[in-house]
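To start, the structure under review is shown below, and the notes come after it.
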Amino acid sequence: MTETLAKPAPKDWILGISPYVPGKSATDDGRPLIKLSANENPLGTGAAARAALVAATADLATYPDPGATRLREAIGAVHGLDPAQIIYGTGSDELLHIAASAYAGPGDEVLYVRYGFAVYDIAARRVGATPVIAPDKDYATDVDALLAAVTEKTKVVFLANPNNPTGTMTSREEIARLHAGLRPDILFVLDQAYAEYLDADEDDGGLELARTANNVFVTRTFSKIYGLAAERIGWGYASAEVIDILHRIRAPFNVTTAGQAAAIAAINDSAWVESSRTHNARWREWLAGEIGALSNHGLRVVPSKTNFLLILFEGKLTAEAAMKGLWEEGYATRWLPGQGLPNGLRITIGTKAQTRAVANTLRAMAESA
């Protein structure tokens, strides 16, 4: 008889996690593609940030500043925030994870809206908490549904605004109403990864709310408009009490020396941010118009305030077929069956040439389906 060897057993809730699936950059057979699947800045990285990153690589033998002091000061200066209440992370993903880790666990619930960012489910399950999904309202956040889903077990509420993968935006008034309806012992995490793509009058007031509320944590990233996705830099702002708790479980030396230097240059390069925002707004509107013209073929665009569009395929042309057709033309997009959107394709706004090529390919496929 063969003896069964003992082995380490993972926690039951870890087995319930579906690993995060990143956007494709190649076809299934390995052919490289132009990547419009991960919402990166198609214009790349600003010259100031690139130069700062290269200069900072001169010293590779020394640990980075563990307090990211100059980075926090730069963020604080740009946004009018107290640097002592700013935390930094390996992308905003690390901050989302440690928020769940600090405030939720077995027996608790973590709440978010249907079609929310995929990391929320992983962050909840990772700590043994129960993920709870509130219904949406035509792919947008339904504040009443979120509030109705709150129970005595709710400890964390995640909300991306603008939302990923839908691109939808929740107004300042609705954010305030949602917060007002939450118990003060619930941590409200407002994920603003795409906030820099908004016009000034579209700001949802999250940072202002976090200045005075003890249960609001706002997160942002340098991976999108700043073009620093490769360096994995995020930041967050909350009350001193919340930041103190999060620092206790943040990974030490989590943002590299070069990453800190690049982020400081990037956040101060307002011209680069503005040019990226202008490019995105122009070509997002153009592509939305082109897809809207194909409504008689069953294509629909969800209104977006981000650097991508969620296109719904409700006719003969399916989202999967559209994804594969775009592969043939050399473009990677994000098909979303794993997030409950088998009829959805998320497409990053690319360069002028890329955006026109995507529109032409979708039009040809829709008309021939």
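The values are calculated or read from the model by the stated rules, or taken from the named source; none is laboratory data. As the structure is a computational prediction, the values presented were derived from the model and not from experiment. Quick reminder, even Gly has a Cβ in these numbers, built from the backbone with ideal geometry, and neighbours come from all protein chains shown. All accessible areas refer to the heavy atoms of the entire protein, side chains included, with ligands and DNA or RNA removed. Shrake-Rupley method; radii C 1.70, N 1.55, O 1.52, S 1.80 Å.
Things worth noting here:
- Of all the listed residues (LEU15, LEU5, LEU95, LEU33), the sole one being over 16 Å from the mean Cα position of the chain (by Cα) and touching a residue at least 24 places away in the same chain (Cβ under 8 Å) is LEU33.
- Among the residues of the stretch 212-232, just one is under 28 Å from THR256 (Cα atoms) and free of Cβ contacts under 8 Å to residues at least 24 places away in the same chain, namely ALA230.
- Top-ranked residue in the stretch 70-85 [being among the aliphatic types (A, V, I, L, M), touching a residue at least 60 places away in the same chain (Cβ under 8 Å) and open to solvent by 50 Å² or more (accessible area, probe 1.4 Å); ranked as nearest to GLU241 (Cα to Cα)]: ALA84
- Looking across the stretch 36-55 at every residue that is under 22 Å from the mean Cα position of the chain (by Cα) and hydrophobic (A, V, I, L, M, F, W, C), the one that is most open to solvent (accessible area, probe 1.4 Å) is identified as LEU43.
- Boolean, ASP144 is without any contact (Cβ under 8 Å) to a residue 12 or more places away in the chain and under 26 Å from GLY340 (Cβ atoms): yes
- Residue within the stretch 20-37 that is among the hydroxyl-bearing types (Ser, Thr, Tyr), modelled with pLDDT under 85 and out of contact with any Phe, Trp or Tyr (no Cβ under 6 Å at 6 or more places or on another chain) present: yes
- So ALA210, is it surrounded by fewer than 18 Cβ atoms within 10 Å (Cβ to Cβ) and farther than 25 Å from LEU312 by Cβ: no
- Taken over the stretch 231-246, the criterion of being open to solvent by 30 Å² or more (accessible area, probe 1.4 Å), part of a helix (DSSP H, G or I) and touching a helix residue (DSSP H, G or I) at 6+ places or on another chain (Cβ under 9 Å) is satisfied by GLU231, ALA240, ILE245.
- In the stretch 214-230, the count of residues that are open to solvent by less than 50 Å² (accessible area, probe 1.4 Å), part of a helix (DSSP H, G or I) and under 29 Å from ALA265 (Cα atoms) is one or more.
- Of all residues in the stretch 180-195 being part of a helix (DSSP H, G or I) and touching a residue at least 12 places away in the same chain (Cβ under 8 Å), the one that is surrounded by the fewest Cβ atoms within 10 Å (Cβ to Cβ): GLY181
- Residue pairs whose Cβ atoms lie under 9 Å apart, separated by 6 or more positions or on different chains, with the first residue in the stretch 355-368 and over 26 Å from HIS279 (Cα atoms) and surrounded by 22 or more Cβ atoms within 10 Å (Cβ to Cβ) and the second of a type outside the set (S, T, N, Q) and at pLDDT below 95, do not occur.
- When residues in the stretch 121-177 are screened for being outside any strand (DSSP E or B), touching a Gly at 6+ places or on another chain (Cβ under 8 Å) and open to solvent by 60 Å² or more (accessible area, probe 1.4 Å), 3 of them pass.
- Among the numbered conditions (1) under 21 Å from ALA266 (Cβ atoms); (2) open to solvent by 20 Å² or more (accessible area, probe 1.4 Å), the only one that TYR88 does not meet is (2).
- PHE308 vs. criteria farther than 21 Å from LEU81 by Cα, of a type in the set (A, V, I, L, M, F, W, C), touching a residue at least 24 places away in the same chain (Cβ under 8 Å) and in contact with a helix residue (DSSP H, G or I) (Cβ under 7 Å, 6 or more places away or on another chain): no
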